[in-house]
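Here the structure comes first, spelled out in structure tokens, and everything after it is commentary.
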Amino acid sequence: MPPPKIVDPAQLDCRALLHTRDEIYAVLPQKHEFALLDGIIHVDWENSIVAGFRDLRTDEWWCRGHMPGNPIFPGVLMVECAAQLAAFCQHLYHKGAYGDFLGFGGFDGGKFRLAVAPPTRLIFIVKMIEARTRRIVCDAQAFNEGAMIFEGKITGVPMHLEAGRSE
């Protein structure tokens with residue numbers, strides 16, 4: 001049985017874009033194929049919750065090799081989307097307080113509930129549950145057409161741009 005939803009994705013409006021792809025990747029260091037988020041659609045300042053989305057297309061680089069003829073969005077890329085959303089969440093709430101960017105530090109309690117194929121839209125939601133000097137922890141969930149497809153805890157560690165040095 002899935003855990004309670006951090007936010008019900010049916011309550012989110014993907015047309016109400018709060019931060020564009022360009023604004024997200026002006027902050028995050030990922031580029032090209034690894035710029036995975038398409039927009040931020042919800043920010044709940046009081047509860048440290050951020051929601052964003054990713055539109056999966058049939059012409060994406062991973063489609064050719066991840067189950068040829070029947071592409072399935074790789075779970076590792078779902079985790080990366082959630083990690084990037086957690087890093088953006090950290091930026092919104094703690095601008096500059098945790099290094100140059102938040103690097104991937106871990107993934108706990110992960111469950112993948114359904115396979116996802118393009119074309120479709122995935123909604124990712126993170127809630128910051130811990131913010132310490134050396135790490136940030138967020139609960140993360142992803143939804144497709146209202147169904148929870150992924151859940152887990154993302155840990156981020158402060159990083160510096162010079163040679164990927166961590167705190």
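The values are calculated or read from the model by the stated rules, or taken from the named source; none is laboratory data. All values derive from a computational prediction rather than experimental measurement. Neighbour counts are summed over all protein chains in view; Cβ atoms, including those assigned to glycine, are modelled from backbone coordinates with ideal geometry.
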Selection within region 54-68 - buried (at least 19 other Cβ atoms within 10 Å of the Cβ) and in contact (Cβ under 8 Å) with a residue 60 or more places away in the chain: Arg54, Leu56
Qualifying positions in region 93-105 - out of contact with any helix residue (DSSP H, G or I) (no Cβ under 6 Å at 6 or more places or on another chain) and at pLDDT 85 or above: Gly103, Gly105
Identity of the residue in region 35-53, outside any loop (DSSP other than H, G, I, E, B) and not aliphatic (A, V, I, L, M), that ends up surrounded by the fewest Cβ atoms within 10 Å (Cβ to Cβ): Asp44
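Suppose we keep only residues that are within 23 Å of His160 (Cα to Cα) and among the hydrophobic types (A, V, I, L, M, F, W, C) within region 130-145. Which one would you say is surrounded by the most Cβ atoms within 10 Å (Cβ to Cβ)? Working first, answer last.
As a first pass, look at region 130-145 and keep what is within 23 Å of His160 (Cα to Cα): 130-138.
Going one step further and asking which of them are among the hydrophobic types (A, V, I, L, M, F, W, C), we end up with 131, 136-138.
Details: Ala131: 17, Ile136: 25, Val137: 19, Cys138: 28.
Checked region 130-145; the qualifying residue surrounded by the most Cβ atoms within 10 Å (Cβ to Cβ) is Cys138.
Restricting to region 130-139, name every residue that is at pLDDT below 95 and touching a strand residue (DSSP E or B) at 6+ places or on another chain (Cβ under 7 Å). Before you say what the answer is, go through the steps one by one.
Here is the first cut: in region 130-139, the ones at pLDDT below 95 are 130-136.
Glu130, Arg134, Arg135, Ile136, listed by residue number.
Please count how many residues of region 6-22 are surrounded by 14 or more Cβ atoms within 10 Å (Cβ to Cβ), in a helix (DSSP H, G or I) and more than 14 Å from the chain's Cα centre (by Cα).
Our first condition is that a residue be surrounded by 14 or more Cβ atoms within 10 Å (Cβ to Cβ); within region 6-22, this holds for 6-7, 9, 12, 14, 17-19, 21.
Checking the rest, the ones that are also in a helix (DSSP H, G or I) come to 9, 21.
Add one more test, that the residue is more than 14 Å from the chain's Cα centre (by Cα), and what stays is 9.
Total meeting the criteria: 1.
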Selection from region 69-97 of residues that are without any contact (Cβ under 8 Å) to a residue 60 or more places away in the chain and among the hydrophobic types (A, V, I, L, M, F, W, C): Ile72, Phe73, Val76, Leu77, Leu85, Cys89, Leu92, Ala97
Check on Cys81, surrounded by 13 or more Cβ atoms within 10 Å (Cβ to Cβ) and at pLDDT below 95: no
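Within region 106-117, can one find any residue that is out of contact with any Cys (no Cβ under 6 Å at 6 or more places or on another chain), of a type in the set (Phe, Trp, Tyr) and modelled with pLDDT under 95?
No, every residue in region 106-117 fails to be out of contact with any Cys (no Cβ under 6 Å at 6 or more places or on another chain), of a type in the set (Phe, Trp, Tyr) and modelled with pLDDT under 95.
Against the condition of a type outside the set (S, T, N, Q), over 12 Å from the mean Cα position of the chain (by Cα), modelled with pLDDT of 95 or more and under 21 Å from Ile41 (Cβ atoms), how does Ala142 come out, does it pass?
Values: of a type outside the set (S, T, N, Q): yes; over 12 Å from the mean Cα position of the chain (by Cα): no; modelled with pLDDT of 95 or more: yes; under 21 Å from Ile41 (Cβ atoms): yes.
Judged against the criteria, Ala142 is not a match.
If I filter region 1-30 down to residues being free of Cβ contacts under 8 Å to residues at least 60 places away in the same chain and of a type in the set (A, V, I, L, M), which single residue comes out as farthest from Ala142 (Cα to Cα)? Even if it seems obvious, please write down each step before you answer.
Pass one, region 1-30, residues free of Cβ contacts under 8 Å to residues at least 60 places away in the same chain: 1, 4, 8, 11, 13, 15-18, 20-23, 25-26, 30.
Next cut, of a type in the set (A, V, I, L, M) only: 1, 16-18, 26.
Numbers: Met1: 15, Ala16: 18, Leu17: 18, Leu18: 19, Ala26: 23 Å.
Among them, the one singled out is Ala26.
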Every pair of residues 6+ apart whose Cβ atoms lie under 9 Å, when the first sits in region 31-53 and is closer than 20 Å to Phe143 by Cα while the second is charged (D, E, K, R) and in a loop (DSSP other than H, G, I, E, B): Ile41/Asp13; Ile41/Arg15; His42/Asp13; Gly52/Asp38; Phe53/Asp38
